[in-house]
Amino acid sequence: MSAATTTRSRTTRATRTPVPDRLCAEAVDLARSAAEEAAAPGVVGEHVGVVSEGDRVVTHYFEAKEPGYRGWRWAVTVARASRAKNVTLDETVLLPGADALLAPEWVPWSERLRPGDMGPGDLLPTEAEDLRLEPGWTGEDEPPPNSVVSEELAELADSEDAELTDRPVAATSRGSIASVAEELGTRRARVLSRYGLYEAADRWDEAFGPKTPMAQAAPATCVSCAFLIPMAGSLKQAFGVCANEFGPADGHVVSLAYGCGGHSEAAVMPKPVRPADHALDTMRVDAYALRPERGEGSVPAEPDGASEDLGHS
């Protein structure tokens, strides 16, 4: 026998599934009792198979009849010690089969959440390292001693304000970093990062951007529409808010390259022409004589007989 043949035979014996232990394979009643003890009464079905897990270790499978567990099986593992005649219970568990009905893979809440899912009273936490946000001015920074917003200058400005107005002194001193931050609207713990701005811009552009079917069929873009309300900040050069109540994007952020049929100059209706006044006055009745007065006009004073018979005057 060659060396290759010897190696192949050893590999075959090593990977071959061991024959189930006879005593463990015959312990069906013990396995069923364990499954019925773990499960509810009447939900353990027929014995569907036995699998050898190793030397003197066997798993018995029983059909599961629980509602909602189609294709699942009760698996009861029994074992026997070397040279022992008693079979003991190892574990009992409910396992899915090849065609079992399984629940979908768990997805974190941050990935399941969709726009519009939040309701009244819901709180949406943001991660401490959220890429859409970056640190803003928190008010913890103190101005340097030689700064133009030093404490002396702030007190002087407050005294001048007190002489000019009777308004109560604000919580933050005039001329301080806090007051400047409040005036500029930047006194927030975190602000949108550049990544957050780009992400919002991509989302708005996908919903109401130039590549949408509505924009492709529009007669003009929003940049020339009177219903567009410009935005402030760095996105004002690319987005605005639609104020056309009949438009599909009313109240939404739209790209300046977006458009719809509700453009203010798409189809300007001409001013209706004012109809002319009636020439006939229907408020009074004019009396007209059937025959002119005698001696007036070119009609003879005495009509001839023929014309009178014919009804002529």
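The values are calculated or read from the model by the stated rules, or taken from the named source; none is laboratory data. This structure is a prediction, so every number in the text was calculated from the model and none was measured. Don't worry about glycine lacking a Cβ; one is built from the backbone with ideal geometry, like all the others, and counts go over all protein chains shown. Only protein heavy atoms, including side chains, enter the accessible area calculation; ligands, DNA and RNA are left aside. Shrake-Rupley method; radii C 1.70, N 1.55, O 1.52, S 1.80 Å.
Quick notes on this structure:
- Stretching K236 away from L124 to a fully extended chain increases their span by 37.6 nm, per 0.36 nm per residue minus the current alpha-carbon distance.
- Multiplying the residue separation of E206 and V273 by 0.36 nm and removing their Cα-Cα distance gives an extension gain of 19.8 nm.
- Nearest-0.05 FRET efficiency for L102 and E199, computed from C-beta distance (R0 35 Å): 0.55
- Cα-based reach from K236 at 30 Å (exclusive), listing lysines while leaving out same-chain residues under 8 positions away: K211
- Local electrostatic count, R80, Cβ distance below 13 Å [Lys/Arg +1, Asp/Glu -1]: -1
- 3J(HN,Hα) from dihedral phi, the stretch 237-249, Karplus parametrisation 6.51/-1.76/1.60, rounded to Hz, x for glycine, proline: 7, 10, 9, x, 10, 7, 10, 8, 5, 9, x, x, 10
- Surface share of carbon and sulfur [accessible, 1.4 angstrom probe, percent] for the stretch 15-99: 49
- Remark: spin-label model distance E134-R284 equals 8.5 nm, labels positioned 7 Å along the Cα→Cβ axis.
- Charge tally around A27: other residues with Cβ under 12 Å, Lys/Arg +1 each, Asp/Glu -1 each, net +1.
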